[in-house]
Amino acid sequence: MNWHVAPMARLTLALLAGILLGEKMGNQALSVLAGLFGMALFLRFLRYKNKIQRLRKWSGLPLLCLFMGLGYARFHFSLPQNQADHYVHFVEKQPQLAYGKVLSSAAGAKSQRLVLRLKAMKHGGKWERVQGKIMLYFKLAEAPRLPQPGQTMYFQGEIQDLFPLLNPAAFDYSTWLRHKGIHRQVFVRPGAWQKAALSPPPFWFFQSQQRCQATLRRHLGQGQVFAVGSALILGVRSDIDDDLQTAYSQTGAVHVLSVSGLHVGVLALAVRYLLAFLPARWRRSWASALLECLVIWAFALVSGGAAATLRAALMYSFLIIGRALLRDSSIWNSLAASAFLLLCWDPHLCFDLGFQLSYLAMAGILATYESIYQLWEPPNATFDYAWKLSALGMAAQVGAGPLSVFHFHQFPWLFAVSGLVAVPLSGLALLLGMGLMALDGMGILATYVAWVLHGCIDLLNRVLLLLDGLPYSVWAGIHWSAGVCLAFYAMVFGLFWGLKKQKPRYVLGALALLLVFGGIRFWNLNQLQNQAQVTIYYCRNGALADFFYRGKRLSLVETDEKSERFAALNWRCKAQSWSQLSMPFQHDFYFESDLFKKGAYFQLGEIGLGIFDFRLAPAPNLARCQWIWLRHAQGWSDLPALGPGQALLLDDSSPWYWRAKVKTACAENDLVCHDLSEQGAWMHTLKLPTQ
């Protein structure tokens, strides 16, 4: 990338640095920004006072510092505590009446979720004008009667804090919601809400999405072909089952299920092809450019307006406008300008994983595609097409792969093979879907298009399921820290830059980083040989415990697979165990004389843990237990008599009101009580003798 033809790249990086400073340092970032700005002004003064030519390249530092300040200010004033009319300042410890507009609606396993933008709230007996987003939960039975996005409603309920993170290294759902602008939640009781009498109609793009979904359902049926078609064409992924979702993820084709740059690019090319039939002077007119932009943005909004879709829509809009002005712009500049505008609109977008992966994948393509493509010269057009798709997938993985491994702890080895199928078939499915929407109601023609679309999506599903079933198709269980992820990007950059510019020191630096990776991995594995750890997770309506011993893992499981994965996956990857075994809680195990389970008793080094589960018998010997894990207890008669040095471990298998009384009694008697549903996972680490 040439910095001189992409000035927006520097400004965007400065804006992003200011946002990150605001997130990590808060108000202390002001002193850092002031210091940087003072240093930049001093360097500029030296440059012009003493005519020091070496300082010429630093002349733009004051401007970059100003844009860092802009990023910090935009982030600072987006926080609720810095907005006087945000609803968090009016929350009371009792049910409150509020009014707002529905922004989105989604069905969960047990509830219907609505995101509301509040407009007014009753506080201290009078209505206050407020702002901010809030999450509402309703019973699934009420879903058909709830307002749709764009409509307004009243509700009454107790406004609660978001759920805290309860398991180590797990996905922090509350932080994710905060970056979406959602800071509180309400569980609305049946009948404690009402649609506003003068509610406006639903958003036009939501209505359009619903009509398009109805068209797909009518022609494709209710199966997984419809579910994938809805995701490919409209960005709605809620109907895809877990097995098929896993197949797309583990073959590296999950990106086609999210409407992104690939879909917007296919649509833009299709629109450009249709406009090619117009006279040349019309194709270069502003009316043509406006029509292209309108089609792209309408598709972006109807498909949900995800960060990756907005990025692609903005980029193509810049290119279309540049073509209308008869000017060629740097693609790097367009990429940076789109990020700059999106971050000015919502500074929290930089914490959105879709935003990060989209821009990193695009940067990887722009930076490395040509170098990868030139590694081989295909003998004919067919091989050339396949090699271009493979090189495109490899370039995208260079940019987005390390971050994807950091978050998802796996790497799909077959991404290049799946791309040969997924990219052309998903593009064809998008065009056929658009054609089906246009031809709906035209009898045999629409039926024929739907038949081809059904076959296209069914073939895509079957191929990816076949690839997913191959052995060693995915490298799973990878744990990278944030530092390792950044170092890997530095290594990749050094390798490509050194080979492209023929600078051996960059290549040697990349190889040195690779050796450091190997050394860190070897040290971590050696450390695992000398320790054991017990982790009892919070698992809603279930129980889950992991025993890590000299690099091995044994899991006691009493929950479903999805809940187990959500609670423990990241922590297990961090533990880097290479041998795993899962069994029910009733089974026994033996590692060493001081690390075993027999019946309902665990020996964990110097600590004895007993499970008092009132569905099972017999209970362990209370005198041997330092920690007592109570499960399915109902009353005071179920509470064992605790002695000195003994502590209680509770979970949500017992009623919440009973747990509250037990915790109060423990506090009054100076006894330790750990509630998994409030304090999170319980962990105990043992140091083992060196082998």
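The values are calculated or read from the model by the stated rules, or taken from the named source; none is laboratory data. Everything numeric in this text was worked out from a predicted model, so none of it was measured. Cβ coordinates were reconstructed from backbone atoms using ideal geometry, including for glycine residues, and neighbour counts include every protein chain displayed. The area values use the complete protein model at the heavy-atom level, side chains included, leaving out ligands, DNA and RNA. Shrake-Rupley method; radii C 1.70, N 1.55, O 1.52, S 1.80 Å.
Points to keep in mind about this one:
- Residues that are open to solvent by 70 Å² or more (accessible area, probe 1.4 Å) and not β-branched (Val, Ile, Thr) within region 504-524 comprise Pro504, Arg505, Tyr506, Leu508, Leu511, Leu514, Leu515, Arg521, Phe522, Trp523, listed in sequence order.
- Search result, residues across region 331-345 that are over 22 Å from Leu267 (Cβ atoms) and surrounded by fewer than 19 Cβ atoms within 10 Å (Cβ to Cβ): Cys344, Trp345
- Scope region 587-601; condition touching a residue at least 24 places away in the same chain (Cβ under 8 Å) and among the aliphatic types (A, V, I, L, M); matching residues: Leu595
- Annotation note: Cβ proximity below 7 Å between a residue of region 387-412 that is in contact (Cβ under 8 Å) with a residue 40 or more places away in the chain and a residue that is assigned to a strand (DSSP E or B) and small (Gly, Ala, Ser) (sequence gap 6+ or interchain) occurs for His409/Ala476; Gln410/Ala476.
- Annotation: of all residues in region 622-636 being surrounded by 14 or more Cβ atoms within 10 Å (Cβ to Cβ) and not in a loop (DSSP other than H, G, I, E, B), the one that is modelled with the lowest pLDDT is Leu622.
- Some residue of region 544-558 being crowded, with 17+ Cβ neighbours inside 10 Å, of a type in the set (D, E, K, R) and closer than 30 Å to Leu357 by Cβ: yes
- Of the residues making up region 312-323, those that are touching a residue at least 24 places away in the same chain (Cβ under 8 Å) and open to solvent by 20 Å² or more (accessible area, probe 1.4 Å) are Leu314, Tyr316, Ile321, Arg323.
- Within the option set Ala416, Ala446, Ala422, being buried (at least 17 other Cβ atoms within 10 Å of the Cβ), touching a Ser or Thr at 6+ places or on another chain (Cβ under 6 Å) and not in a strand (DSSP E or B) holds for one residue only, Ala416.
- Counting only helices (runs of 4 or more DSSP H) that fall entirely inside region 279-383 and contain at least 3 residues that are modelled with pLDDT under 85 and over 30 Å from Arg178 (Cα atoms), the qualifying elements are 280-283, 286-302, 307-324.
- Meeting the requirement of 2 or more residues that are open to solvent by 70 Å² or more (accessible area, probe 1.4 Å) and in contact with a Leu (Cβ under 8 Å, 6 or more places away or on another chain), the strands (runs of 3 or more DSSP E) wholly within region 123-184 are 152-157.
- Test set (1) in a strand (DSSP E or B); (2) farther than 19 Å from Trp627 by Cα; (3) of a type outside the set (Val, Ile, Thr) - Phe566 fails condition number: (1)
- When Phe566, Phe589 are checked against the criterion of being closer than 30 Å to Trp475 by Cβ and out of contact with any strand residue (DSSP E or B) (no Cβ under 6 Å at 6 or more places or on another chain), a single residue qualifies: Phe566.
- If the condition is being open to solvent by 40 Å² or more (accessible area, probe 1.4 Å), over 24 Å from Arg565 (Cα atoms) and part of a strand (DSSP E or B), then region 582-595 contributes Tyr590, Phe591, Glu592.
- Whether a residue is crowded, with 17+ Cβ neighbours inside 10 Å and farther than 30 Å from Leu43 by Cβ was assessed, and Met68 does not pass this test.
- The sole residue among Leu436, Leu466, Leu459 that is part of a helix (DSSP H, G or I), open to solvent by 50 Å² or more (accessible area, probe 1.4 Å) and under 18 Å from Ile233 (Cα atoms) is Leu459.
- Considering the conditions (1) open to solvent by 30 Å² or more (accessible area, probe 1.4 Å); (2) not in a strand (DSSP E or B), Ala106 is excluded by exactly one of them, (2).
- Close pairs from region 205-232: first closer than 22 Å to Val266 by Cα and open to solvent by 20 Å² or more (accessible area, probe 1.4 Å), partner outside any loop (DSSP other than H, G, I, E, B) and β-branched (Val, Ile, Thr), Cβ under 8 Å, at least 6 apart: Phe205/Val302; Ser208/Val302; Gln209/Val302; Cys212/Ile233; Cys212/Val302
Rundown of residues vs (1) closer than 28 Å to Arg550 by Cα; (2) in contact with a Lys or Arg (Cβ under 7 Å, 6 or more places away or on another chain); (3) among the polar types (S, T, N, Q), yes/no style:
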| residue | (1), (2), (3) |
| --- | --- |
| Tyr590 | yes, no, no |
| Gly605 | yes, no, no |
| Cys625 | yes, no, no |
| Trp636 | no, no, no |
| Leu639 | no, no, no |
| Gly643 | no, no, no |
| Asp675 | no, yes, no |
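- Some residue of region 602-621 being open to solvent by 60 Å² or more (accessible area, probe 1.4 Å) and touching a residue at least 40 places away in the same chain (Cβ under 8 Å): no
- A single entry from Trp451, Trp475, Trp497 fulfils the requirement of being surrounded by fewer than 19 Cβ atoms within 10 Å (Cβ to Cβ) and either basic (Lys, Arg) or not in a helix (DSSP H, G or I) (or both): Trp475.
- For region 185-202, the set of residues classified as open to solvent by less than 60 Å² (accessible area, probe 1.4 Å) and either of a type in the set (S, T, N, Q) or closer than 15 Å to Ser111 by Cβ (or both) consists of Gln185, Val186, Val188, Ala192, Trp193, Ser199, listed by residue number.
- Of residues in region 295-306 being crowded, with 22+ Cβ neighbours inside 10 Å and of a type in the set (Gly, Ala, Ser), the one farthest from Val264 (Cα to Cα): Ser303
- The one condition from (1) in contact with an Asp or Glu (Cβ under 6 Å, 6 or more places away or on another chain); (2) not in a helix (DSSP H, G or I) that Val225 does not meet is (2).
- Top-ranked residue of region 311-323 - restricted to ones that are of a type in the set (A, V, I, L, M, F, W, C) and touching a Ser or Thr at 6+ places or on another chain (Cβ under 8 Å), ranked as nearest to Ala438 (Cα to Cα): Ala312
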